[in-house]
């Protein structure tokens, strides 16, 4: 899978989750789209670089570490953009990243 393929899948899978959360908590489409775009746009390039530089032996545990860091960073982005409480922002981040991470494991 190329970087562009992975980024496209990330946006395609995570954006609907963030939009659904925005709709559910009445945060507006613009705020939700901004949160989804910024969160993945900020974290995806670095996460991809780190993942591609890992050895095969380190990849499994490294992948979990990368996803954990990405979830933490994206929680703050989602919280700021959507003005959600920290717990809700973390739930949105965890769910969105869980969907794309699980799909990514099957696509690779």
Q. List the pairs whose first member sits in region 28-41 and is closer than 22 Å to residue 68 by Cβ, whose second member is not in a helix (DSSP H, G or I), and whose Cβ atoms are under 9 Å apart, counting only residues at least 6 apart or on separate chains?
A. 35/27; 35/84
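State whether one or more residues within region 72-94 are assigned to a loop (DSSP other than H, G, I, E, B), surrounded by 15 or more Cβ atoms within 10 Å (Cβ to Cβ) and at pLDDT 95 or above. Explain how you work it out, then say what you get.
So in region 72-94, the residues assigned to a loop (DSSP other than H, G, I, E, B) come out as 83-85.
Those left that are additionally surrounded by 15 or more Cβ atoms within 10 Å (Cβ to Cβ): 84.
From what is left, the residues that are at pLDDT 95 or above are 84.
There is at least one residue in region 72-94 that is assigned to a loop (DSSP other than H, G, I, E, B), surrounded by 15 or more Cβ atoms within 10 Å (Cβ to Cβ) and at pLDDT 95 or above.
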Q: Please determine, by comparing only the residues of region 1-55 that are part of a loop (DSSP other than H, G, I, E, B) and surrounded by fewer than 13 Cβ atoms within 10 Å (Cβ to Cβ), which one is modelled with the highest pLDDT.
A: 26
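Name the single residue, out of those in region 95-108 being touching a helix residue (DSSP H, G or I) at 6+ places or on another chain (Cβ under 8 Å) and in contact (Cβ under 8 Å) with a residue 60 or more places away in the chain, that is surrounded by the most Cβ atoms within 10 Å (Cβ to Cβ).
Quick first cut of region 95-108, residues touching a helix residue (DSSP H, G or I) at 6+ places or on another chain (Cβ under 8 Å) only: 95-97, 99-101, 103-104, 107.
Restricting the remaining residues to those that are in contact (Cβ under 8 Å) with a residue 60 or more places away in the chain gives 95-97, 99-100, 103-104, 107.
Details: 95: 16, 96: 27, 97: 25, 99: 15, 100: 24, 103: 15, 104: 18, 107: 11.
This residue is 96.
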(Q) Considering only region 47-68, I want to know if a residue exists there that is within 11 Å of the chain's Cα centre (by Cα) and without any contact (Cβ under 8 Å) to a residue 12 or more places away in the chain. (A) yes
Q. Residue 101 fails exactly one of the following numbered conditions: (1) within 9 Å of the chain's Cα centre (by Cα); (2) at pLDDT 95 or above. What is the number of that condition?
A. (2)
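The values are calculated or read from the model by the stated rules, or taken from the named source; none is laboratory data. All values reported here derive from a predicted model rather than from experimental measurement. FYI the Cβ positions are ideal-geometry reconstructions off the backbone, even for glycines, and counts take in every protein chain you see.
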